[in-house]
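Chemist: Okay, handing you the structure first.
Since every read-out is calculated from the coordinates, none of them should be taken as a lab result. Values in this document were obtained by computation on a predicted structure and should not be read as measured data. Note that each Cβ is placed from the backbone with ideal geometry, even for glycine, and that neighbours are counted across all protein chains shown.
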Amino acid sequence: MTAYIGHDQAWDDWRRALSGDRMHHGWILSGRKGVGKSAFARAAARELVAEDGIRQPEGEHPDIRYMSHPPKNDAEARKRDDGKPYELARNIKVDQIRELQRRLNTRPTLGSRRAVIVDPADDMETSAANALLKSLEEPPAGTFFLLIAHRIGRLLPTIRSRCRVLNFPRVSDVDMDAILARESPQADAAMREAAIAAASGSPGAAIDFVELDLAKIHTLMRQVVDRGDPDFSLRGRLAAAMGQRPSREKQLASIELARAVVADNMRGVEHAQIPALVETHGELVRLAGQAPTYNFDPGLLVMEIGTLLANLAASRTPANG
């Protein structure tokens, strides 16, 4: 995406703090995945470290440290070093935080400030989060932390308590349609409508919907919730639509898609149906939390998603009959 909608308030809050006497050292950028938090963090970090009279480099900045998932293992690290595609680890590791902390013992390179971006901070191992907490409690001079969080509730309460929060809201359907028309011109009006409905205000999720070809999966999920699946035929078609070896991105996107389908069904339901909807949504949240760290079999994962949706349909039958 070349432009980000919904960042105005975050920029206002950030720049107001930046122009103040005492800039807070810890910030959490909170919002749905795909609303542009990473791009904001990089741009905000550049504003933070820039100082009058000091020329700033165009490319990589020595006083901005960006931390994300490392390569999965040594073999994947060699692929990265050779410029080849490589597989990422599911978590940010404690060794990465400790290496960062060793580097923070030195002074910033160009000016008096440096920025550390952790993306996403809610994917840190518990030991990594505890290690980072020590730096947040006693930050090195001139060091500021920008922690990107797709699910702020997964961060340690002690980390949340030491940071200011910048909230990134969901994007309106009208703006989402404009973004899709620009970024995914191959999507027709019907595809854009489906992507917007499934993405729940996240432009990144909507673009993934198109790029990962999730339209058929979305249709089947809605059919399972609407009609049930007593003979497992829809779940079989769902597995076929997912494919035998779907990418990790497609698996994670499918879980989020199922959550969006359930959330969409929460509108206008009878009070007696709400507990089943909440329970199903909670189970999908659990799956979403486990997926980055568990080695799920793709076939079993999609069947579990389908079964949760089918059970939801079954629970609604008496109320709809």
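Chemist: Please compute the net charge surrounding residue 60, taking Lys and Arg as +1 and Asp and Glu as -1 over other residues with Cβ under 14 Å from its Cβ. Before the final figure, lay out the partial values.
Modeler: Working: positive: 42, 46, 65, 114; negative: 58, 63.
Result for the neighbourhood of residue 60: +2.
Chemist: List, in order, the whole-Hz ³J(HN,Hα) value for each residue of region 41-49 obtained from phi through the Karplus relation with A = 6.51, B = -1.76, C = 1.60 and θ = phi - 60°; use x for Gly and Pro.
Modeler: Karplus values, whole Hz, x for Gly and Pro: 4, 5, 5, 5, 4, 5, 5, 5, 8.
Chemist: In degrees, nearest 10, range 0 to 90: what is the angle between the Cα axis of helix 233-242 and the longest Cα principal axis of the chain?
Modeler: 30 degrees
Chemist: Cα to Cα, under 17 Å, and not fewer than 8 places away if on the same chain: which lysines meet these conditions relative to residue 250?
Modeler: Filter leaves 33, 216.
Chemist: Note down the nm distance, to one decimal, between modelled labels 7 Å out along Cα→Cβ at residue 167 and at residue 181.
Modeler: 3.0 nm
Chemist: Using only Cα atoms and rounding to the nearest 10 degrees, what angle (0 to 90) does helix 274-290 make with the longest principal axis of the chain?
Modeler: 50 degrees
Chemist: Can I ask one more? Which residues does the label zone of residue 75 cover in region 220-257, counting backbone N under 20 Å from a point 7 Å along Cα→Cβ?
Modeler: 245-249
Chemist: Output ³J(HN,Hα) for region 84-89: one whole-Hz value per residue in order, computed from phi by the Karplus curve 6.51 cos²θ - 1.76 cosθ + 1.60 with θ = phi - 60°, and x for Gly and Pro.
Modeler: 9, x, 9, 8, 8, 5
Chemist: Please report the net charge: other residues with Cβ closer than 11 Å to the Cβ of residue 115, K and R +1, D and E -1.
Modeler: On the way: positive: 42, 46, 65, 113, 114; negative: 47, 63.
Taking every other residue near residue 115 into account, the sum is +3.
Chemist: Further question: Any idea how far apart residue 278 and residue 18 come out in nm if each label point goes 7 Å out from Cα toward Cβ?
Modeler: Reported label-point gap for residue 278 and residue 18 is 4.2 nm.
Chemist: For a test of understanding, tell me how many lysine pairs in region 66-154 have Cα atoms under 21 Å apart, given they are 8 or more places apart or on different chains. Please report the intermediate quantities before stating the final value.
Modeler: Values: 72/84; 72/93; 79/93; 93/134.
For region 66-154, the number of qualifying lysine pairs is 4.
Chemist: Further question on the same structure: With the crude spin-label approximation of a point 7 Å out along Cα→Cβ, what separation in nm comes out for residue 286 versus residue 232?
Modeler: 2.2 nm
Chemist: Next question. If amide hydrogens are placed 1.01 Å from N in the peptide plane, which non-local residues have theirs closer than 5 Å to the one on residue 164?
Modeler: 26, 27, 28
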